[in-house]
Amino acid sequence: MKDSIIRGVKFIGLGFLEPLIRLICKEDPKKNTKEIFRKIIAPIASIFIFVGLWQLGSTALYNTEANYKIEATLKSQGEAEAQKIKECMESGEPNCQPNTLPSPAQVYAAYQTLLKDHRVIAADKKAFKEKTFEMNKKRVAQGKKAITYTGRPSFVDQIKTSLKTVFAGFFLALFIAVPIGIIIGLSKTLRGSINWIIQIFKPVSPVVWLLLVFMIVKTLTKNSDSDSSFIISFISVGLCSMWATLVNTAMGVASVNTDYLNVAMVLRLRPMQKIFKVILPASLPLIFTGLRITLSVAWMVLIAIELLAQSPGLGSFVWEEFQNGAMDSNSKIIVAMFVIGMIGFALDRIMLFIQNLISFEKETI
Amino acid sequence: MAILELKNIYKTYNPTKEYKGEILEDINLTIEEGEFVAIVGFSGSGKTTLVNLINGLLKPTEGEVLFKGKPVEGTSHERGVIFQNYSLLPWLTVYQNIDMAIQEAFPKSSKQEKDVRVKEQIEMVGLTHATNKRPKELSGGMRQRVSVARALGMNPEMIIMDEPLGALDALTRGNLQDEILKIWELNKRTALLITNDVDEALYMADRIIPLKPGPKASLGPEFKVNISRPRNKTELNDNADYKKTRNQIIEYLMDLGEKQAAESTTEYELPDIQPKDFRWDSK
């Protein structure tokens, strides 16, 4: 019972709960208390320290910025104006707050605002759908296009769009890189001949990939009304992130244990049997390592690409907030930063989970 | 009729440069059908290379390997191989590991026939309870049994064993020796055992041939084992024939070893390394 619970939490990546479970089961209290301190209390303490340092830093920056603003006004417009601005700041009036790093409390407030905003937009959307439901039915029956909601997307909608793009890009990378990786892993000649492409294109920045994809997709989608910004961003994401999988797959296939290959030879497996029964399973751990890197690179690159391609998503959210310059824009950017980080972490955990599920080695990091 | 013949085998891994990578030289060996031959040698003397030449994984640089009078070209289902490190595929269960061999060896049999055959093999090595386990869940001895079942499942005419029991503890070793002998006696296949254990060779084989240590290893004079089967381990110790042959072989091998040591002039400088506190960081 206890062991199966521990195995379960370890399996879903919550291994740090292990000592707590053991302590509850009254097992080796001294060692497990120490473990709890090490694995649970110390990390939580570090979160508090982090927030504290952030608070200190933002206060210091706020003061610097405020003093500068007052002094500047003093020089250009005289004492009366400076006093006015000082009072305005102290009263908490949003319009005259200095523009600098927001404090944790401000960021939390911005988070609440974003959630509220999402609820409003979601309700709006629902109402719109109900309103146009009957009409759309008629329009479709008449062969016309249904009316869709074109209002501003909420923060949560942006997250969904980003996830959609990153998964589209990830699967594109998977379907390109894994087969090619297997083929070039099997043949030394091909590996040698394709190597230069990999070496040259691997370090190319996402920005350049985006421009390249833009050149091609723009022409290809000229006569269709499909969503080209989505296509451009997911193809760029796929192309940027596929290299890790390609290299890892090729390496995994090329470096299969000779014992396994000898077995395949001695049993006289046919080529296809050899690939699917010996080589692929043997290189699966490395392929998955590649896929994990690919997914995290895809997520990282996605934000930059959305920012540049002006396709909807978290990246454009950040960019719009930066351009917007409203009083809580900075806080919203920080909220987006945490959301991006946590989603990236969650994606990595999901990949690890799948990897553990199918790997024969069972203990991968 | 000789089932396997090695004629003037010379093997080097580096044919362009002289005196480098020369493993075997002047190997001549004939194995008759139904015979159990053991080749005994020091580690690093080229035993595995010799095995790979016979099973077809390697080709001799010079000379010929003849199996049933025909030169060996690549591997064949007629020669089953049992590897030293078991070489089971870790992602397949016991059943699947054996099934893979049988699928390839009997492509024309029906599904049921194959299934029956796989189960027979598993039963033969006494692993029915572990049919659906993966190699990682098995002990070393059990793994080697799977490997034996896989090799025999293809119904080979000759079994080639490359130090099959080298990695096992003494007790498991003894058990598996008996099991292999039992299976061998059941249908008298030809068997070639490569080992570094003289006692094992004496217990199992009809004929023992020492392999002189490499580089340029060649075969020494053969020693016949004239002990009737089935042999009994405890009785063997009192058998005069056994003692005599054992002493002869060991003396021969020791002499070779001493000669080798006397010939060697290379001095190896050992690095000055102190052991460090070594501990795995548990994850």
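Residues checked against (1) of a type in the set (Val, Ile, Thr); (2) closer than 21 Å to A:VAL301 by Cβ:
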position	(1), (2)
A:LYS129	no, no
A:ARG139	no, no
A:THR165	yes, yes
A:PHE170	no, yes
A:LEU186	no, no
A:LEU190	no, no
A:SER193	no, no
A:THR219	yes, no
Subject >> Selected residue (only one of B:ARG143, B:ARG117 is under 19 Å from the mean Cα position of the chain (by Cα), more than 9 Å from chain A (Cβ to nearest Cβ) and of a type outside the set (A, V, I, L, M)) >> reply: B:ARG143
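Looking at region A:73-86, can you tell me whether even one residue there is surrounded by 12 or more Cβ atoms within 10 Å (Cβ to Cβ) and under 30 Å from A:ALA346 (Cα atoms)?
No.
Answer yes or no: is there a residue in region A:308-318 that is open to solvent by less than 50 Å² (accessible area, probe 1.4 Å), of a type in the set (S, T, N, Q) and within 30 Å of A:PRO98 (Cβ to Cβ).
Yes, region A:308-318 has at least one match.
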**OP:** Among the numbered conditions (1) open to solvent by 90 Å² or more (accessible area, probe 1.4 Å); (2) at positive phi, tell me where B:TYR268 comes up short.
**Re:** (2)
**OP:** For residues that are more than 14 Å from chain A (Cβ to nearest Cβ), over 22 Å from B:ILE183 (Cβ atoms) and open to solvent by 30 Å² or more (accessible area, probe 1.4 Å), tally how many sit in region B:56-71.
**Re:** 8
Original post:
Restricting attention to region A:89-103, and to residues there that are in contact (Cβ under 8 Å) with a residue 24 or more places away in the chain and open to solvent by 80 Å² or more (accessible area, probe 1.4 Å), which single residue is nearest to A:GLY325 (Cα to Cα)?
Top reply: A:ASN99
Original post:
Do we find a residue being in contact (Cβ under 8 Å) with a residue 24 or more places away in the chain, under 23 Å from A:PHE171 (Cα atoms) and in a helix (DSSP H, G or I) anywhere in region A:316-324?
Top reply: yes
Original post:
Among the numbered criteria (1) in contact (Cβ under 8 Å) with a residue 40 or more places away in the chain; (2) farther than 28 Å from B:GLU25 by Cβ, which single criterion is violated by B:LYS243?
Top reply: (1)
Subject >> Qualifying residue in region B:4-15 (condition: within 14 Å of chain A (Cβ to nearest Cβ), in contact with a helix residue (DSSP H, G or I) (Cβ under 9 Å, 6 or more places away or on another chain), of a type in the set (D, E, K, R) and not in a loop (DSSP other than H, G, I, E, B)) >> reply: no
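Here's the yes/no breakdown for (1) in contact (Cβ under 8 Å) with a residue 40 or more places away in the chain; (2) open to solvent by 80 Å² or more (accessible area, probe 1.4 Å):
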position: A:ILE182; (1), (2): yes, no
position: A:LEU190; (1), (2): no, no
position: A:ASN195; (1), (2): no, no
position: A:PRO206; (1), (2): yes, no
position: A:ILE216; (1), (2): no, yes
position: A:THR219; (1), (2): no, yes
position: A:ASN223; (1), (2): no, yes
position: A:PHE230; (1), (2): yes, no
**OP:** Taking the options A:ILE293, A:ILE333, name whichever one is closer than 29 Å to A:GLN97 by Cβ, more than 14 Å from chain B (Cβ to nearest Cβ) and in contact (Cβ under 8 Å) with a residue 12 or more places away in the chain.
**Re:** A:ILE333
Original post:
Got a number for residues in region B:149-163 being out of contact with any Lys or Arg (no Cβ under 8 Å at 6 or more places or on another chain), over 21 Å from B:GLU113 (Cβ atoms) and open to solvent by 10 Å² or more (accessible area, probe 1.4 Å)?
Top reply: 0
**OP:** Take region B:25-55 and flag every residue that is in contact with a Lys or Arg (Cβ under 6 Å, 6 or more places away or on another chain), open to solvent by less than 10 Å² (accessible area, probe 1.4 Å) and within 21 Å of B:SER76 (Cβ to Cβ).
**Re:** B:VAL37, B:ASN55
Subject >> Every residue from region A:15-70 that is away from every other protein chain (no Cβ under 14 Å), among the charged types (D, E, K, R) and open to solvent by 60 Å² or more (accessible area, probe 1.4 Å) >> reply: A:LYS26, A:ASP28, A:LYS30, A:GLU65, A:LYS69
Original post:
Which members of region A:256-281 meet the condition of being within 7 Å of another protein chain (Cβ to nearest Cβ), without any contact (Cβ under 8 Å) to a residue 40 or more places away in the chain and either part of a helix (DSSP H, G or I) or more than 19 Å from B:PRO156 (Cα to Cα) (or both)?
Top reply: A:ASP259, A:TYR260, A:ASN262, A:VAL263, A:MET265, A:VAL266, A:LYS277, A:VAL278
Original post:
Given the structure, is A:ILE343 open to solvent by less than 60 Å² (accessible area, probe 1.4 Å), within 14 Å of chain B (Cβ to nearest Cβ) and assigned to a helix (DSSP H, G or I)?
Top reply: no
Original post:
Which of the residues that make up region B:85-139 are open to solvent by less than 50 Å² (accessible area, probe 1.4 Å) and farther than 23 Å from A:GLN273 by Cβ?
Top reply: B:VAL125, B:GLY126, B:LEU127, B:ALA130, B:LEU138
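The values are calculated or read from the model by the stated rules, or taken from the named source; none is laboratory data. Just so you know, these numbers come straight off a predicted model, no measurement behind them. Virtual Cβ from ideal backbone geometry, glycine too; neighbours counted across all protein chains shown. These accessible areas exclude ligands, DNA and RNA; they are computed on the full protein's heavy atoms, side chains included. Shrake-Rupley method; radii C 1.70, N 1.55, O 1.52, S 1.80 Å.
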